[in-house]
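Enquirer: Next up is a structure, given as structure tokens.
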Amino acid sequence: MTYCVGLYLRDGLVLLSDTRTNAGVDHISTFGKMHVEEIPGQRVLALLSAGNLAITQAVWNRLREGVALPDGTYTLRDVPSMFRAAQLVGAAVRQVYAADGPSLSAQGLAFDVFLLLGGQIAGEPHRLFLIYAAGNFIEATTDTPYLQIGEHKYGKPILDRALSFDTSLSDGVKLVLVSMDSTLRSNLTVGMPIDLLVVQADALAVGVRRRITEEDEYFRFVRERWSAALREAYLQLPSPAWMRA
């Protein structure tokens, strides 16, 4: 399994993904699930994936070679808008399903793929989409400024409580790291290292791209301080009166 999260903020995008894949308890591997296309000054787009690794890799390779839309064949490097980019990813998913879906079904396997697409193309604002296995998609909004795929339930509460569209990029980085740490602690199918991408609005280039390992000093600091803060917070809560009685 995996966990990927994307924040849609006023100042830009924060994206984070783990790297663990598994086909059983004795077959665990590390694969990057974040793919980036960047033409500085023109566009920067990132695709994060969860699900069957063969399917997600097939989708990415089709996107690099070109996918047909009604008005022509495009890649993420030349598609004219972010909305069309989401359509392009959806079309690639449907093409892979047409090619591999029947074979997977015959083996009793589901067509399992979820994708986050975030970025900005010159002349329009930054945007963040979640593409489903059917090729349809939804978009993050100012009311719901984050999207998740994979094992999302453990990392969701901190985002629901603390995140807003006006959250700064640096605070967004802290929140996704806490969200990931909560998931790492509760689910063994999500694992280190993790990949972080920060894209500032209108920069049209990658701001920060970092692979974070267990030895990363700042991530270790966040893990320890967050655990200590949670312990202190619950200890400071008063006991219920009916327990004291």
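The values are calculated or read from the model by the stated rules, or taken from the named source; none is laboratory data. All values reported here derive from a predicted model rather than from experimental measurement. Cβ coordinates were reconstructed from backbone atoms using ideal geometry, including for glycine residues, and neighbour counts include every protein chain displayed.
Enquirer: Would the stretch 53-60 turn up any residue that is more than 27 Å from Thr21 (Cβ to Cβ), at pLDDT 95 or above and of a type outside the set (Asp, Glu)? Walk me through it before giving the result.
Expert: In the first step, residues of the stretch 53-60 are kept if they are more than 27 Å from Thr21 (Cβ to Cβ); the result is none.
The answer is no, given that none of the residues of the stretch 53-60 is more than 27 Å from Thr21 (Cβ to Cβ), at pLDDT 95 or above and of a type outside the set (Asp, Glu).
Enquirer: Out of Leu230, Leu184, which single residue is out of contact with any Leu (no Cβ under 7 Å at 6 or more places or on another chain), within 20 Å of Asp18 (Cα to Cα) and of a type in the set (A, V, I, L, M)?
Expert: Of the residues listed, the single one that is out of contact with any Leu (no Cβ under 7 Å at 6 or more places or on another chain), within 20 Å of Asp18 (Cα to Cα) and of a type in the set (A, V, I, L, M) is Leu184.
Enquirer: Related question: Does the stretch 192-230 hold any residues that are over 30 Å from Arg43 (Cα atoms) and either in contact with a Lys or Arg (Cβ under 7 Å, 6 or more places away or on another chain) or surrounded by 10 or more Cβ atoms within 10 Å (Cβ to Cβ) (or both), and which are they? Lay out the reasoning, then the answer.
Expert: Filtering the stretch 192-230 down to residues over 30 Å from Arg43 (Cα atoms) leaves 214-215, 217, 220-230.
Within the stretch 192-230, Glu214, Arg220, Phe221, Val222, Arg223, Glu224, Arg225, Trp226, Ser227, Ala228, Ala229, Leu230 qualify.
Enquirer: Just checking, which of Gly41, Gly119 is loosely packed, with under 14 Cβ neighbours inside 10 Å and closer than 28 Å to Arg10 by Cβ?
Expert: Only one candidate qualifies: Gly41.
Enquirer: Still on this model: Residues of the stretch 66-75 being touching a strand residue (DSSP E or B) at 6+ places or on another chain (Cβ under 9 Å) and of a type outside the set (Val, Ile, Thr), which ones?
Expert: Gly66, Ala68, Tyr74
Enquirer: A further question on this structure: Does the stretch 159-173 hold any residues that are touching a Leu at 6+ places or on another chain (Cβ under 8 Å) and surrounded by fewer than 18 Cβ atoms within 10 Å (Cβ to Cβ), and which are they? Break it down stepwise before answering.
Expert: Step one: of the stretch 159-173, the residues touching a Leu at 6+ places or on another chain (Cβ under 8 Å) are 159, 162-163, 165-169, 172-173.
Scanning the stretch 159-173 gives Ala162, Phe165, Asp166, Ser168.
Enquirer: Continuing with the same structure: Picking from Thr73, Thr30, which residue would you name as being of a type in the set (Ser, Thr, Tyr), touching a residue at least 40 places away in the same chain (Cβ under 8 Å) and surrounded by fewer than 17 Cβ atoms within 10 Å (Cβ to Cβ)? Give the derivation first.
Expert: On the way: Thr73 fails: touching a residue at least 40 places away in the same chain (Cβ under 8 Å).
Thr30 is the lone residue from the list that is of a type in the set (Ser, Thr, Tyr), touching a residue at least 40 places away in the same chain (Cβ under 8 Å) and surrounded by fewer than 17 Cβ atoms within 10 Å (Cβ to Cβ).
Enquirer: Here's something else I'd like to know. Would you point out the residue of the stretch 109-146, among those that are over 22 Å from Ala99 (Cα atoms) and hydroxyl-bearing (Ser, Thr, Tyr), that is nearest to the chain's Cα centre (by Cα)?
Expert: Within the stretch 109-146, the match that is nearest to the chain's Cα centre (by Cα) is Tyr146.
Enquirer: Which pairs do you get when a residue that is in contact (Cβ under 8 Å) with a residue 12 or more places away in the chain, found in the stretch 221-238, comes within reach of a residue that is in a helix (DSSP H, G or I), reach meaning Cβ atoms under 8 angstrom, with the pair 6+ apart or on two chains?
Expert: From residues that are in contact (Cβ under 8 Å) with a residue 12 or more places away in the chain, the pairs are Val222/Lys174; Val222/Leu177; Val222/Val178; Val222/Asp181; Arg223/Asp181; Trp226/Val178; Trp226/Asp181.
Enquirer: Is it fair to say Tyr146 is crowded, with 20+ Cβ neighbours inside 10 Å and of a type outside the set (A, V, I, L, M, F, W, C)?
Expert: Working: crowded, with 20+ Cβ neighbours inside 10 Å: yes; of a type outside the set (A, V, I, L, M, F, W, C): yes.
When the stated conditions are applied, Tyr146 passes them.
Enquirer: Name every residue in the stretch 230-245 that is hydrophobic (A, V, I, L, M, F, W, C) and more than 14 Å from Asp181 (Cα to Cα), in order of residue number. Reasoning before the result, please.
Expert: Here is the first cut: in the stretch 230-245, the ones hydrophobic (A, V, I, L, M, F, W, C) are 230, 233, 235, 237, 241-243, 245.
Answer for the stretch 230-245, where residues must be hydrophobic (A, V, I, L, M, F, W, C) and more than 14 Å from Asp181 (Cα to Cα): Ala233, Leu235, Leu237, Ala241, Trp242, Met243, Ala245.
Enquirer: Counting only residues that are surrounded by 13 or more Cβ atoms within 10 Å (Cβ to Cβ), among the small types (Gly, Ala, Ser) and out of contact with any helix residue (DSSP H, G or I) (no Cβ under 9 Å at 6 or more places or on another chain), how many does the stretch 122-143 have?
Expert: 1
Enquirer: Among the residues of the stretch 56-65, is any surrounded by 14 or more Cβ atoms within 10 Å (Cβ to Cβ) and in contact with a Lys or Arg (Cβ under 8 Å, 6 or more places away or on another chain)?
Expert: Among the residues of the stretch 56-65, at least one is surrounded by 14 or more Cβ atoms within 10 Å (Cβ to Cβ) and in contact with a Lys or Arg (Cβ under 8 Å, 6 or more places away or on another chain), which makes the answer yes.
Enquirer: From (1) at pLDDT below 95; (2) out of contact with any Asp or Glu (no Cβ under 7 Å at 6 or more places or on another chain); (3) under 25 Å from Gln200 (Cβ atoms), pick out the condition that doesn't hold for Cys4.
Expert: Unmet condition: (1).
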